Amino acid sequence: MTTFKTARLHMRPIVTGDRSALLGIRHAPEVLRWLPVPNRSTVESYVDTHLTEMIAHWQEYGYGVWLVQNPRSRRAIGYCGLRYLSEFEAVELLYAFAPDVWGWGLASEASRAVLKWAWHHTQLAQAIALTLPDNRASRGVMENVGMQYERNVVFHGYDCVLYTISRPADPKIKTLAVTRVPHLLTADDIAAMPERATAHPLNPQAVRHRRALSDALNLQRLGLHLVRVKPGFETTQFHFHHHEEEFLYILAGRGIAEVSDRQVEVGPGDLLAFAALSAPHAMRNPFAEDLVYLMGGERRAFDLCDYPRLRKRLIRASGDRWLVDWSDLQPFGSYPLHLPDEN
């Protein structure tokens, strides 16, 4: 059985002594929301059964599930691997991670490593993955590693979406979103990456079609995305960040950028950049062609984001998010409460 490392992860096959680590991951309410325990089992009984099956699977098939650890502390932060599903007569790529490491591309990194190992060390011709239809984060992982949506299915009584990926013609050639040369995404790599469409939760007109370049390159502190916005749509809700910096570099098409109380047309070669606590901003595409831009920003563990026109504040800390109305914010002790102008 194989133990290996990726840029940010240490991965080894699951063993009997990993019960407490698996319980810690599966007990998290955020995990249970998207990975419910089937057949009304308790988490404990499910993990016990699942753990026994994982270990037996390695012995029977020669592949299975890896425990994913922080390479320095060896803390268990998730699991990722392969299992045969008789219901579909197919091998499933599966993964689950502790909520405090969500949003850093680790599930994509682990999944790419597992698939690369499978193409090189097994005769596996295809892999599938399953998730609940509304689990956009999990679907994003599947798309990041090159999987494509195939159909809706029912699994253990739950409505799910099924994604598939096939063995590349030559496993020495990296599959989608895995570079041929370390630290390089070629133009062909980027063009082949699937787009992920997301709508802003506070603005249904803000729909972005994104390619996650930073996840493909395993960047930890920088988010970098190639974004396309169709005519008639917006990029985001009018906002600014308290701690993170961000930029937008226009590659194609035109847009109307709103910066504080000003509106200006932008086009290819134009750069918008915003330091922390700078001007609130947004952009829209009222023109006939797609607006395409490179978007980059910091990935801090903590940030505040204000939406002046909605009078709301997003608080993000270690993977958790809270949205509060300005009217509900109260000063703490002797610290004054500072709120921006609505415009």
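The values are calculated or read from the model by the stated rules, or taken from the named source; none is laboratory data. All values derive from a computational prediction rather than experimental measurement. Please note: Cβ atoms are built from the backbone with ideal geometry, for glycine as well, and neighbour counts cover all protein chains shown. Just so you know, the surface numbers come from the protein's heavy atoms only, side chains and all, with ligands and any DNA or RNA stripped out. Shrake-Rupley method; radii C 1.70, N 1.55, O 1.52, S 1.80 Å.
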Could you give the length gained on full extension between Gln123 and Ala187, defined as 0.36 nm per residue of separation minus the Cα-Cα distance, in nm? 20.0 nm
How are the alpha carbon pair distances in the stretch 22-171 distributed across 5 Å bins from zero to the largest one, expressed in percent? 2, 9, 18, 23, 23, 17, 6, 1, 0
Rounded to the nearest 10 Å², the 1.4 Å probe accessible area of Ile128 is 10 Å²
Net charge dipole size for the chain [Lys, Arg +1 and Asp, Glu -1 on Cβ; Debye, nearest 20]: 740 debye
Straight-line reach only, C-alpha to C-alpha below 18 angstrom: list the aspartates and glutamates that Lys116 could link to, leaving out same-chain residues fewer than 8 apart. Glu92, Glu143, Asp170, Asp189, Asp215
Heavy-atom accessible area order for Arg321, Arg309, Arg284, largest first, 1.4 Å probe: Arg321, Arg309, Arg284
For Glu195 the rounded accessible area (nearest 10 Å², probe 1.4 Å, non-protein molecules ignored) is 60 Å²
For Phe302, Phe238, Phe247, Phe4, the accessible-area ranking with a 1.4 Å probe, largest leading, is Phe302, Phe247, Phe4, Phe238
Please name whichever of His200, Leu310, Tyr163 sits farthest to the positive end of the charge dipole of the chain, dipole taken about the Cα centre and charges placed at Cβ: Lys and Arg +1, Asp and Glu -1. Tyr163
Quick one: pull the percentage of alpha-carbon pairs in the stretch 37-83 with a separation above 18 Å. 42 percent
Contour excess over end-to-end distance, with Cα ends at Thr164 and Tyr249 and 0.36 nm allotted per residue: 27.3 nm
Per residue of the chain, what 222 nm ellipticity follows from adding -39500 (n - 2.57) for every DSSP H run with n ≥ 4, rounded to the nearest 500? -6000 deg cm²/dmol
Accessible area of the stretch 1-120 with a 1.4 Å probe: how many percent of it is carbon plus sulfur? 52 percent
For the stretch 63-122, alpha-carbon Rg and Dmax in angstrom: 12.3, 38
Quick one: dipole size for the stretch 1-127, taken about the Cα centre, charges +1 on Lys/Arg Cβ and -1 on Asp/Glu Cβ, in debye to the nearest 20. 560 debye
Could you compute how much accessible surface Leu277 exposes when probed at 1.4 Å, giving the result in Å² to the nearest 10? 110 Å²
Could you check how many percent of all C-alpha pairs in the chain are farther apart than 29 Å? 45 percent
Might you tell me the accessible area per residue for the stretch 27-151, computed with a 1.4 Å probe and given in Å²? 46 Å²
